[in-house]
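The block underneath contains the structure these notes are about, expressed in structure tokens.
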Amino acid sequence: QHQARVLRSQSSPFLPPFLLSWTARSVFPLVVAFFITLSLTFFGSVEQRLPRDTHNMATRVAFENSNEIGVFAALTNGYCLTGINRSENFYSVFEAELSQHIPVLHATIAGCRFVGRTTVGNRRGLLVPNTTTDNELSHLRNSLPDSVVVQRVEERLSALGNIIATNDHVALVHPDIDRETEDVISDVLGVEVFRQIVGGQALVGSYCKFSNQGGMVHPRTTVEDIEELSSLLQVPLVAGTVNRGSDVLGGGLIVNDWSSFVGLDTTSTEISVIENIFRLSGAGGASGGGQLAGQQGQQSNIVTNMRSALIDQLS
């Protein structure tokens, strides 16, 4: 009788022993599954809330399904142009990053969206091809700051973004560009103009990209040519790629003195090289001996990253 009282005291007052054991076996897996699902949902939502590559100052972006963002956008120290997209996702990326500093506006050239390849400019001016309509020209002039001169160019090579590469001081142009166009570039943009080829390519706007801080050129450019161009532009240069090995730098990269945007396929190694050469990650920001040390560290980082990229490609 004593043992029976003990067993009754250990059992549930509401369920008989056989039903209690069946309930435990059935409910326990459900409880475990519930907590696993809850933890996965929590950590997944945390991962979604965290911004990707928070240490990078180069922002990955795509225009619809294209990684060639330089075809559909143009960026200078004074303004940013974006092509009209089916949704506002592309425009909103630039607006979020740049709108506090420079105007970001929609634009079309001859009714087309590839404003990055048909226009070229800097903080002083913007050059557009002769196919630009009067309404498009008026829109640009009304939307851009008064200090920016918008000029239509009568040039047979109408893809100005492919044949001209410029910052606020120097412009490299296609060797076959018209003399009148060369004069317009010098007057409107306020730059020195040099006829050049980069890595054996005459389309200098497509195969090199530089700002007032640094620049990147076609990966097949020789060391001697890089040194010559660097001396001409008075900025450090490095050979590199974007979008996982693409040599069309003007298509996959747009940059100014404090920000850059790259195609979604651009690797972390490529982004690291871009940040270092364009001085977007704060390298070399000290003064005096600290500045020299920063520049040496910057060059060392570039060499290291390029070596890693070559090893990745060859392996």
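The values are calculated or read from the model by the stated rules, or taken from the named source; none is laboratory data. Fair warning: this is a prediction, and the values are worked out from it, not measured in the lab. For neighbour counting, all protein chains shown are included, and Cβ atoms are generated from backbone atoms with ideal geometry for every residue, glycine included. Only protein heavy atoms, including side chains, enter the accessible area calculation; ligands, DNA and RNA are left aside. Shrake-Rupley method; radii C 1.70, N 1.55, O 1.52, S 1.80 Å.
Residue-wise test of (1) under 19 Å from Leu75 (Cα atoms); (2) polar (S, T, N, Q); (3) open to solvent by less than 30 Å² (accessible area, probe 1.4 Å); (4) not in a helix (DSSP H, G or I).
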position	(1), (2), (3), (4)
Ser147	yes, yes, no, yes
Arg152	yes, no, no, yes
Asn162	yes, yes, no, no
Ala171	yes, no, yes, yes
Ile177	no, no, yes, yes
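Across the range 41-65, the qualifying residues are those that are modelled with pLDDT of 85 or more and touching a strand residue (DSSP E or B) at 6+ places or on another chain (Cβ under 8 Å), and the one among them that is most open to solvent (accessible area, probe 1.4 Å) is Arg60. Taken over the range 242-265, the criterion of being farther than 14 Å from Asn276 by Cα and open to solvent by 10 Å² or more (accessible area, probe 1.4 Å) is satisfied by Asn243, Arg244, Gly245, Ser246, Asp247, Val248, Leu264, Asp265.
Of the residues Asn135, Asn162, the single one that is free of Cβ contacts under 8 Å to residues at least 24 places away in the same chain and not charged (D, E, K, R) is Asn135.
Among the residues in the range 224-241, are any without any contact (Cβ under 8 Å) to a residue 60 or more places away in the chain, assigned to a loop (DSSP other than H, G, I, E, B) and buried (at least 20 other Cβ atoms within 10 Å of the Cβ)? Checked the range 224-241: no residue is without any contact (Cβ under 8 Å) to a residue 60 or more places away in the chain, assigned to a loop (DSSP other than H, G, I, E, B) and buried (at least 20 other Cβ atoms within 10 Å of the Cβ).
Scanning the range 83-113 for residues being free of Cβ contacts under 8 Å to residues at least 12 places away in the same chain, in a loop (DSSP other than H, G, I, E, B) and crowded, with 16+ Cβ neighbours inside 10 Å gives a total of 0.
When Asp183 is tested against (1) crowded, with 18+ Cβ neighbours inside 10 Å; (2) at pLDDT 95 or above, just one condition goes unmet, and that condition is (1). Checking Gly78, Gly116 one by one, the residue that is within 23 Å of Gln201 (Cα to Cα) and not in a strand (DSSP E or B) is Gly116 and no other. In the set (1) touching a residue at least 12 places away in the same chain (Cβ under 8 Å); (2) more than 30 Å from Tyr91 (Cβ to Cβ); (3) of a type outside the set (Lys, Arg), Gly214 fails one condition alone, (2).
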